[in-house]
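Novice: To start, I am sharing the structure in question, which I have written as structure tokens.
The values are calculated or read from the model by the stated rules, or taken from the named source; none is laboratory data. Note that the coordinates shown come from a computational prediction; the quantities given were computed from them, not determined experimentally. A quick note on method: Cβ atoms are made from the backbone with ideal geometry, for glycine too, and the neighbour counts reach across all protein chains shown. When the accessible area is computed, the model is the full protein with side chains, heavy atoms only, and any ligands, DNA or RNA have been set aside. Shrake-Rupley method; radii C 1.70, N 1.55, O 1.52, S 1.80 Å.
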Amino acid sequence: MKIRKAVIPAAGLGTRMLPATKTIPKEMLPLLDKPVIQYIIEEAAAAGIEDILLVTNRQKSAMDDYFDYFPELEQRLERSGKAEQAEEIRKAADLANIFYVRQKETKGLGHAIYRAKRFIGDEPFAVLLGDDVMFAEVPVIKQLMDVSEDRGGLTALGVQAVSDSAIASYSSLKVTDTEQRGIFKVEDLIEKPTAAEKFSNYAILGRYVLTPGIFDALENVKPGYGGEIQLTDGIREQLKGEAMFAVDFKGKRYDTGNQRGFLEATVEFALRDKELGAGFREYLSGIINN
Ligand code: G1P
């Protein structure tokens, strides 16, 4: 079962990045020269996803403008000998077929995903959270798609072990081993667990392959943590009738939705950059050692 569609929830208010996010969608903040959302869409496109639904809200129209052509700017750049830059700008609009739907009320991640019901129809699909940027050799969503597709299109959740103090900010999974290293069977899961409630330190980190059954499950879910409809609760509901897998993915995840995570991503992406990297490393060691 080939996975062709992805959903990117990008309707959060961005309160952890205020005041900048008062008028700029957090997904449009730049990591080096590209907005965060472009890294996410590039990951999906690199995994072979063709159709992407962005779940946005009334503050996020800068995103639809960004993934459009801008002929006047492109022509001006071409005329002034900057054809490469013109192509770069155009490329962002051609990464995938991008569709938009608004989440009219901020009622949680599960509620945002439910907005994709009509777009998805009856096939498994990828979910990439709009804050979570990955650095990986094989696109993280592709690692999950491979596991799901090999098993006829079942749910695959992207997980990594996080620290004891961090798990309360995520979801915690109860898993059992399969014959393949790094792939687990999901037995249970809980959103934002207390230390006493957690099953393990494996947390879902921003990447999912879900089956269309999630939509029925979400209809039966009551508001959970924070009074919101939680995707984790929907998945838990669905687990009653479907086998699911967790994939300990290879790659590093950055939470660009908060200041510390955004800074880590900025610094590490700069250090890895072909043009900036060497000089920036020297600059950093200079200021740190003085
Ligand atoms: C969301 C999910 C949570 C997941 C986390 C990181 O939480 O609800 O299960 O572990 O993303 O991907 P949030 O960061 O929106 O609080």
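Novice: Please identify which residues in segment 101-120 have an amide N closer than 13 Å to a label point set 7 Å out from the Cα of ARG4, following the Cα→Cβ vector.
Specialist: Residues 120 qualify, since their backbone N sits under 13 Å from the label point.
Novice: Here's another thing I want to ask about it. Which whole-number percentage describes the relative contact order of the chain, with Cα contacts under 8 Å and a sequence gap of 6 or more?
Specialist: Values: 551 pairs, mean separation 62.6, N = 290.
Rounded, it is 22 percent for the chain.
Novice: So, one more: Amide H to amide H, which residues 5 or more places from VAL159 or on other chains are under 5 Å from it, using H placed in the peptide plane?
Specialist: For VAL159, whose amide H was placed from the backbone, the distant partners under 5 Å are LEU205, VAL247, ASP248, PHE249.
Novice: If you don't mind, another one. Taking only DSSP H segments of four or more residues, each worth -39500 (n - 2.57), what value at 222 nm results for the chain once the sum is divided by all its residues, to the nearest 500 deg cm²/dmol? Let's see the in-between values first.
Specialist: On the way: 11 runs with 101 residues, N = 290.
That comes out to -10000 deg cm²/dmol.
Novice: Compute the acute angle (0 to 90°) between the alpha-carbon long axis of helix 83-93 and the principal axis of greatest extent of the alpha-carbon atoms of the chain; round to the nearest 10°.
Specialist: Once rounded, the angle reads 20 degrees.
Novice: Something else: How large a share of the accessible area of segment 177-290, in percent, is made up of carbon and sulfur atoms when the probe is 1.4 Å and the other protein chains stay in place? Numbers along the way, then the final one.
Specialist: Values: 3170 of 6330 Å².
Using a 1.4 Å probe with all protein chains present, segment 177-290 comes out at 50 percent carbon and sulfur.
Novice: Net charge near GLU137: determine it from the other residues with C-beta under 13 Å of the C-beta of GLU137, scoring Lys and Arg +1 and Asp and Glu -1. Spell out each step's value before the answer.
Specialist: Numbers: positive: LYS142, LYS250, LYS252, ARG272; negative: GLU43.
Neighbour charge sum, excluding GLU137 itself: +3.
Novice: Find out how many positive minus negative residues lie around LYS26, taking Lys and Arg as positive, Asp and Glu as negative, among other residues whose Cβ is under 15 Å from that of LYS26. Before the final figure, lay out each step's value.
Specialist: Values: positive: ARG16, LYS22, LYS34, ARG58, LYS60, ARG260; negative: GLU27, ASP131, ASP132, ASP255.
Computed value for this residue: +2.
Novice: Can you tell me which of ALA96, ALA243, ALA45 moves the most in a GNM of the chain? Springs connect C-alpha atoms under 10 Å apart.
Specialist: ALA243
Novice: Moving on. If one takes the longest principal axis of the Cα atoms in the chain, at what angle in degrees, from 0 to 90 and to the nearest 10, does the Cα axis of helix 259-272 lie?
Specialist: The angle comes out at about 60 degrees.
Novice: Taking 0.36 nm per intervening residue step and subtracting the Cα-Cα distance, what contour gain separates LEU239 from THR178 on full extension?
Specialist: On the way: separation 61, 0.36 × 61 = 21.96 nm, distance 1.70 nm.
Additional length available on full extension: 20.3 nm.
Novice: Sum up the lysine pairs in segment 1-153 that clear both bars: alpha-carbon distance under 14 Å and a spacing of 8 or more or different chains. Before the final figure, lay out the partial values.
Specialist: Values: LYS2/LYS142; LYS5/LYS117; LYS5/LYS142; LYS22/LYS60; LYS26/LYS34; LYS26/LYS60; LYS34/LYS91; LYS60/LYS104.
The result is 8.
Novice: Based on the Cβ-Cβ distance from ASN289 to ASP216, what FRET efficiency comes out when R0 is 45 Å, to the nearest 0.05? Can you show the working numbers first?
Specialist: Values: r = 58 Å, r/R0 = 1.29.
Taking R0 as 45 Å, the efficiency between ASN289 and ASP216 is 0.20.
Novice: Could you tell me the accessible area of PHE135 in Å² (1.4 Å probe, neighbours in place), rounded to the nearest ten?
Specialist: 90
Novice: Please report the antiparallel percentage of DSSP beta bridges with both residues in the chain, rounded to the nearest 5. Don't skip to the end; give the middle numbers.
Specialist: On the way: 25 of 43 bridges.
If I count the DSSP bridges inside the chain, around 60 percent turn out antiparallel.
Novice: Further question on the same structure: Based on the alpha-carbon gyration tensor of segment 140-280 and its eigenvalue square roots a ≥ b ≥ c, which shape applies: rounded if a/c is under 1.5, prolate if not and a/b is larger than b/c, or oblate? The partial results should precede the final answer.
Specialist: Details: a/c = 1.97, a/b = 1.49, b/c = 1.32.
Judged from the Cα gyration tensor, segment 140-280 comes out prolate (a/c at least 1.5, a/b above b/c).
Novice: Report the extension gain between ALA45 and ARG79 in nm, rounded to one decimal, defined as 0.36 nm multiplied by the number of residues separating them, less their alpha carbon distance.
Specialist: Details: separation 34, 0.36 × 34 = 12.24 nm, distance 2.99 nm.
That works out to 9.2 nm of additional length.
Novice: With only alpha-carbon atoms counted, please give the Rg and Dmax of the chain, in Å.
Specialist: Cα radius of gyration and Dmax of the chain are 19.5, 64 Å respectively.
Novice: Relative contact order for segment 170-290 using alpha-carbon pairs under 8 Å, separation at least 6, rounded to a whole percent?
Specialist: On the way: 136 pairs, mean separation 26.1, N = 121.
RCO, segment 170-290: 22 percent.
Novice: By how many nm would the segment from ASN258 to LEU32 grow when fully extended, if each residue of separation counts as 0.36 nm and the alpha-carbon distance is taken off? It would help to have the intermediate numbers written out before the result.
Specialist: Values: separation 226, 0.36 × 226 = 81.36 nm, distance 1.64 nm.
Extending this stretch completely gives an extra 79.7 nm.
Novice: Would you mind getting the accessible area per residue of segment 141-290, heavy atoms of the protein chains only, 1.4 Å probe, in Å²? It would help to have the intermediate numbers written out before the result.
Specialist: On the way: 7660 Å² over 150 residues.
Using a 1.4 Å probe on heavy atoms only, each residue of segment 141-290 averages 51 Å².
Novice: Follow-up question, since we're still on this one. By the gyration tensor of its Cα atoms, with a ≥ b ≥ c the square roots of the eigenvalues, what is the shape of segment 85-165: rounded for a/c under 1.5, prolate for a/b over b/c, or oblate?
Specialist: Numbers: a/c = 1.32, a/b = 1.12, b/c = 1.19.
Judged from the Cα gyration tensor, segment 85-165 comes out rounded (a/c under 1.5).
Novice: How far is helix 277-289 tilted off the main Cα axis of the chain, in degrees rounded to 10, range 0 to 90?
Specialist: 80
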